[in-house]
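Undergrad: Can you keep this structure in mind? I'll have questions shortly.
The values are calculated or read from the model by the stated rules, or taken from the named source; none is laboratory data. All values reported here derive from a predicted model rather than from experimental measurement. A quick note on method: Cβ atoms are made from the backbone with ideal geometry, for glycine too, and the neighbour counts reach across all protein chains shown.
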Amino acid sequence: MKKKLILAIIIIIILIIAVYAIFNKKGDIYSVNIISKESKIYSKNDIDNAIDETLNYFKENFEGCSLLELEYIGDEENNGYTDWARRNNKEQVIVFVSSFNVDSSGGEHGALNPNSKYEGWKWILVKNENEYWKCVDCGQG
């Protein structure tokens, strides 16, 4: 009797985990290689906070994808994106470039090419002083 109860509990736990895994798919950020780059515009803390926001955005919006690399594009190239701050009524912009794999599902809603690798995918984040970074656009570019 005791063995049957333990077996039933184990089966229920396995079912709960399986249901959670099926219905709570997220983008995989756990193996990402974050490439550090110095900045004269942003502090390490600013860059780290922008990285965190990018990782959270990827995790929540890129189901079926695995983020491989993420890198700040550098101050010189970043200066070419200042119009994004103005467009969004913000003072600051930071841009990252990444690569990621897409599984056989084609990512969330099948919008990406199944079983493929995307490189050069940019992430544009904006904010005002004393605000959190917000991802306002991303894509090939």
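Undergrad: Just checking, how many residues over segment 29-56 are aromatic (Phe, Trp, Tyr) and either buried (at least 19 other Cβ atoms within 10 Å of the Cβ) or more than 12 Å from the chain's Cα centre (by Cα) (or both)?
TA: Number of matching residues: 1.
Undergrad: Within segment 66-73, is even one residue touching a helix residue (DSSP H, G or I) at 6+ places or on another chain (Cβ under 7 Å) and either of a type in the set (Lys, Arg) or closer than 19 Å to residue 42 by Cα (or both)? Full working, then the answer.
TA: To start, the set of residues in segment 66-73 that are touching a helix residue (DSSP H, G or I) at 6+ places or on another chain (Cβ under 7 Å) comprises 67, 70, 72.
Still in the list and also either of a type in the set (Lys, Arg) or closer than 19 Å to residue 42 by Cα (or both): 70, 72.
So far as segment 66-73 goes, yes, one or more of its residues are touching a helix residue (DSSP H, G or I) at 6+ places or on another chain (Cβ under 7 Å) and either of a type in the set (Lys, Arg) or closer than 19 Å to residue 42 by Cα (or both).
Undergrad: For segment 27-38, indicate whether the set of residues that are modelled with pLDDT under 90, of a type outside the set (Phe, Trp, Tyr) and part of a helix (DSSP H, G or I) is non-empty.
TA: Within segment 27-38, none of the residues are modelled with pLDDT under 90, of a type outside the set (Phe, Trp, Tyr) and part of a helix (DSSP H, G or I).
Undergrad: For a quick check of your reading of the model, give me the residue pairs whose first member lies in segment 78-105 and is within 15 Å of residue 39 (Cβ to Cβ), whose second is among the small types (Gly, Ala, Ser) and part of a strand (DSSP E or B), with beta-carbon atoms closer than 7 Å and at least 6 apart or on different chains.
TA: 97/120
Undergrad: Could you tell me whether residue 48 is of a type outside the set (A, V, I, L, M, F, W, C) and at pLDDT 95 or above?
TA: yes
Undergrad: May I pose another question? When you scan segment 80-137, how many residues do you find that are charged (D, E, K, R), part of a loop (DSSP other than H, G, I, E, B) and buried (at least 17 other Cβ atoms within 10 Å of the Cβ)? Full working, then the answer.
TA: Initial filter on segment 80-137 (charged (D, E, K, R)): 83, 86-87, 90-91, 103, 108, 117, 119, 122, 127, 129, 131, 134, 137.
So of that shortlist, the ones also part of a loop (DSSP other than H, G, I, E, B) come out as 90-91, 103, 129, 131.
Checking the rest, the ones that are also buried (at least 17 other Cβ atoms within 10 Å of the Cβ) come to 90.
Qualifying residue count for the region: 1.
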